[in-house]
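Visitor: Provided herewith is a single structure, encoded as structure tokens, for subsequent inquiry.
Derivation of every value follows stated rules applied to the coordinates shown; laboratory data play no part. Just so you know, these numbers come straight off a predicted model, no measurement behind them. A quick note on method: Cβ atoms are made from the backbone with ideal geometry, for glycine too, and the neighbour counts reach across all protein chains shown.
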Amino acid sequence: MPEITARFGLPLLVAGQGQKDITHNEALVAVDVLLHPSVRSRQNSAPPEFPENGACWLVPAGAVGAWSGKTDAIACWTTGGWRFLALPEGGSVWIEDEAVSVRFRGGGWILDAPRNYPAVAVPDPAGGIIIDAEARAAMALILERMRHLGLLSS
């Protein structure tokens, strides 16, 4: 039986384990951070000197000190020190100082486009000399989906 969960690497209790409260508490700390992740910034290359309990940051490439070698992790300060957590592919995090959401894709953090770019108006296809009903129907579906995602306005 594995000792961690498959998606988030949360510690599991195992039969005959002593001090199960420690493993359980570590899992709860991880869940507290990963349930709806929000970080202060992704710009700090060094840990803050006096972080608040529960405050988190995204660790950028080239970080130093306690964050060295933890690129792309969520660094969270706890009463027990720094905890470094990772989201699975597709996981998103709110960046407080930028007021944007980023998503972990392809081994890095990218802007979560539907929430961060202003929608632009694009007219539906109409008119023309030759009408291709299938192409027009496909374009209409694409435009509808893009509007639903917030990439375009009506």
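Visitor: At R0 = 22 Å, how high is the FRET efficiency between Asp21 and Asn53 if r is their beta carbon distance? Nearest 0.05 is fine. Let's see the in-between values first.
Guide: Details: r = 19 Å, r/R0 = 0.86.
So the FRET efficiency works out to roughly 0.70.
Visitor: Can you report the principal axis dimensions of the chain using only the alpha carbons, biggest first, rounded to whole angstrom?
Guide: 77, 39, 22
Visitor: Let me ask something additional. Let me check I've understood the local charge: for Val33, count other residues with C-beta under 13 angstrom from its C-beta, Lys and Arg +1, Asp and Glu -1. What total comes out?
Guide: Details: positive: Arg40, Arg83; negative: Glu26, Asp32.
The answer is 0.
Visitor: Which FRET efficiency value, to the nearest 0.05, do you get for His36 and Ala135 by plugging their Cβ-Cβ distance into 1/(1 + (r/R0)^6) with R0 = 41 Å?
Guide: Details: r = 41 Å, r/R0 = 1.01.
Using R0 = 41 Å, I get an efficiency of 0.50.
Visitor: Given the chain, what percent of its DSSP beta bridges are antiparallel, to the nearest 5? Intermediate results must be reported in sequence, preceding the final value.
Guide: Values: 17 of 21 bridges.
For the chain, the DSSP antiparallel bridge percentage is about 80.
Visitor: Still on this structure, please answer the following. Under a point-charge model restricted to the Cβ atoms of Lys and Arg (+1) and Asp and Glu (-1), what is the dipole moment magnitude of the chain relative to its Cα centre, in debye to the nearest 20? Walk me through the numbers on the way to the answer.
Guide: Working: 12 positive and 16 negative charges, 26 e Å.
Using Cβ point charges on Lys, Arg, Asp and Glu, the chain gives about 120 debye.
Visitor: Here's something else I'd like to know. What is the distance, in nm, between label points placed 7 Å from the Cα along the Cα-to-Cβ direction at Ala6 and at Ser92?
Guide: 2.5
Visitor: What ranking do 101-107, 60-66 get when scored by the average of other Cβ atoms within 10 Å per residue, highest first? Display every interim value, and only then the final one.
Guide: Values: 101-107: 14.9, 60-66: 12.6.
For the peptides 101-107, 60-66, the packing ranking is 101-107, 60-66.
Visitor: Give me the net charge of Gly107's neighbourhood, meaning all other residues with Cβ under 10 Å from the Cβ of Gly107; Lys, Arg count +1, Asp, Glu -1. Walk me through the numbers before you get to the answer.
Guide: Values: positive: Arg105; negative: Asp72, Glu89.
In short, -1.
Visitor: Would you tally the net charge around Ala63, using a Cβ to Cβ cut-off of less than 13 Å, leaving Ala63 out, and scoring K and R as +1, D and E as -1? List each step's numbers first, then the result.
Guide: On the way: positive: Arg42, Lys70; negative: Asp72.
With Lys, Arg at +1 and Asp, Glu at -1, the neighbours total +1.
Visitor: Can you sort Thr71, Thr78 so the residue with the fewest Cβ neighbours within 10 Å comes first?
Guide: Thr71, Thr78
Visitor: Rounded to the nearest 0.05, what FRET efficiency is calculated for Leu149 and Phe84 with R0 set to 41 Å and r the Cβ-Cβ distance? Walk me through the intermediate numbers first.
Guide: Working: r = 32 Å, r/R0 = 0.77.
Plugging the Cβ-Cβ distance into 1/(1 + (r/R0)^6) gives 0.80.
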